[in-house]
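Below you'll find the structure, written out as structure tokens, and then a few comments.
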Amino acid sequence: MRIGQVIVPHGIVLAPMAGVTNRPFRLLAKEQGCELMFTEMVSAKAILHGNPKTMRMVQFDDAERPIGIQLFGSDPDSMAAAAARLMEFGPDLIDINMGCPVPKIVRNGEGAALMRDLKRAGEIVAAVKKAVPVPVTVKMRKGWDDASVNAVELAKVCEDAGCDAITVHGRTREQFYSGSADWNIIAEVKQAVSVPVIGNGDVFTAGDAQRLLQLTGCDGIMVARGALGNPWVFREIKALLVHGEVLPPPTIEEKVKGALCLLEKLVEWKGEPVAVREMRKHAAWYVKGLPGAAALRRRIYQAATAQEMRRLLEEYGRGEAYVHGDNAGC
Ligand SMILES: Cc1cc2nc3c(=O)[nH]c(=O)nc-3n(C[C@H](O)[C@H](O)[C@H](O)COP(=O)(O)O)c2cc1C
């Protein structure tokens with residue numbers, strides 16, 4: 001897949017996820033073969049105000065390239081100004097969020113609310129496109145609700161306004177993350193536009209990725225929840241798409257090592273107190289479904305320091321918690 005000058009060899013993409021896809025998370029995904037990544041969504045207003053927390057969220061490492069910064073907002077001029085300001089960070093592309101379902105976002109006419117205002121959506125794409133020298137992409141949903149499925153219409157508006165690729169999440173705003181993603185709408189968008197289309201929704205395994213590509217003819221696949229506690233999903237997808245090879249899932253040892261590695265990177269990037277808080281959910285994702293996971297999760301949620309968390313994970317990796325019978329509830 002090629003988006004402007006950005007090459008994504010096999011179309012393997014990590015989704016933007018607020019509160020998740022920060023630099024440490026992305027670096028691990030990249031190590032496992034992810035080919036294009038996005039920052040967490042950031043507000044155009046916050047960028048223009050130079051909000052320090054937001055400015056940090058858009059920083060990345062050269063090793064992560066190609067990378068896109070995802071912006072949300074509803075005003076074409078401020079979206080364009082924010083995108084222009086972001087150029088000092090050197091992103092490979094700018095992505096516009098037209099899918100966020102959260103009430104406080106859509107109430108401001110941002111995120112998925114743009115699916116109900118095609119004129120404004122087109123104006124935002126055109127303004128951002130004019131403001132930056134890098135490709136501009138759009139991430140949208142199937143529609144607002146079942147009565148207003150309009151991804152095809154919106155995709156055409158965005159293409160006409162100059163966008164360089166479109167990601168479609170096959171759920172409506174009203175669905176949030178419930179039900180299953182409709183892959184047919186991705187196929188319909190693919191047939192309607194000539195820019196690359198990235199399919200998104202319910203890709204949890206390499207097999208899902210292959211099926212989504214085959215079923216829709218889309219150019220790339222984007223993984224969100226399937227990558228939580230599981231950066232290996234990218235190497236599995238790559239092995240299947242490129243070599244037709246089915247890789248075994250990561251071992252418990254690999255999972256523990258991965259979680260420890262994320263913990264170290266988070267401590268380095270965010271400082272210990274924030275890292276320990278954020279690592280709780282990640283650790284739970286890493287061990288989900290493993291023997292003794294419930295007991296480990298309880299202990300991890302009580303850990304107050306990185307050292308304690310490290311010790312719990314290492315013990316678990318050596319099988320100690322499990323051997324000592326702490327696997328109740330699994
Ligand atoms: C925790 C979380 C945070 C998310 N944050 C964003 C975001 O910042 N921007 C965005 O466009 N989509 C966001 N999404 C939606 C995902 O990018 C993706 O479209 C959705 O989860 C469907 O893909 P999946 O079935 O692979 O999870 C988020 C999803 C989750 C689970």
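The values are calculated or read from the model by the stated rules, or taken from the named source; none is laboratory data. Small disclaimer: the values here were computed from a predicted structure and weren't measured. Note that we place each Cβ from the backbone using ideal geometry, even for glycine, and neighbour counts take in every protein chain shown. Heads up: the accessible areas ignore ligands, DNA and RNA and are worked out on the full protein's heavy atoms, side chains in. Shrake-Rupley method; radii C 1.70, N 1.55, O 1.52, S 1.80 Å.
Name the residue that is farthest from the chain's Cα centre (by Cα), counting only residues in region 192-204 that are of a type outside the set (Gly, Ala, Ser) and within 16 Å of residue 163 (Cα to Cα).
Looking at residues that are of a type outside the set (Gly, Ala, Ser) and within 16 Å of residue 163 (Cα to Cα), I get 193.
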Do you know which residues across region 127-150 are closer than 23 Å to residue 187 by Cβ and either open to solvent by 40 Å² or more (accessible area, probe 1.4 Å) or in a helix (DSSP H, G or I) (or both)? 146, 147, 148, 149
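Looking at region 110-125, is at least one residue within 12 Å of the ligand (Cβ to nearest atom), within 17 Å of residue 159 (Cβ to Cβ) and touching a residue at least 12 places away in the same chain (Cβ under 8 Å)?
Initially, region 110-125 is screened for residues within 12 Å of the ligand (Cβ to nearest atom), giving 110-112, 114.
Now restrict to residues that are within 17 Å of residue 159 (Cβ to Cβ): 114.
When the remaining residues are screened for being touching a residue at least 12 places away in the same chain (Cβ under 8 Å), the result is 114.
There is at least one residue in region 110-125 that is within 12 Å of the ligand (Cβ to nearest atom), within 17 Å of residue 159 (Cβ to Cβ) and touching a residue at least 12 places away in the same chain (Cβ under 8 Å).
Starting from residues that are in a loop (DSSP other than H, G, I, E, B) and either free of Cβ contacts under 8 Å to residues at least 24 places away in the same chain or within 13 Å of the chain's Cα centre (by Cα) (or both), keep the ones in region 205-228 and report whichever is nearest to the ligand (Cβ to nearest atom). Before the answer, list the steps.
Our first condition is that a residue be in a loop (DSSP other than H, G, I, E, B); within region 205-228, this holds for 205, 217-219, 224, 228.
The next check asks that each one be either free of Cβ contacts under 8 Å to residues at least 24 places away in the same chain or within 13 Å of the chain's Cα centre (by Cα) (or both); those that pass are 224, 228.
On the way: 224: 3, 228: 8 Å.
Across region 205-228, the extreme among qualifying residues is 224.
Among strands (runs of 3 or more DSSP E) lying entirely in region 1-120, which contain 2 or more residues that are open to solvent by less than 20 Å² (accessible area, probe 1.4 Å) and of a type outside the set (A, V, I, L, M, F, W, C)?
Details: elements: 12-14, 67-72, 93-98.
Per the criteria, 67-72, 93-98.
Only one of 166, 124 is open to solvent by less than 20 Å² (accessible area, probe 1.4 Å) and under 17 Å from the mean Cα position of the chain (by Cα). Can you tell me which? Talk me through it step by step, then tell me what you get.
Values: 124 fails: under 17 Å from the mean Cα position of the chain (by Cα).
Answer to the selection: 166.
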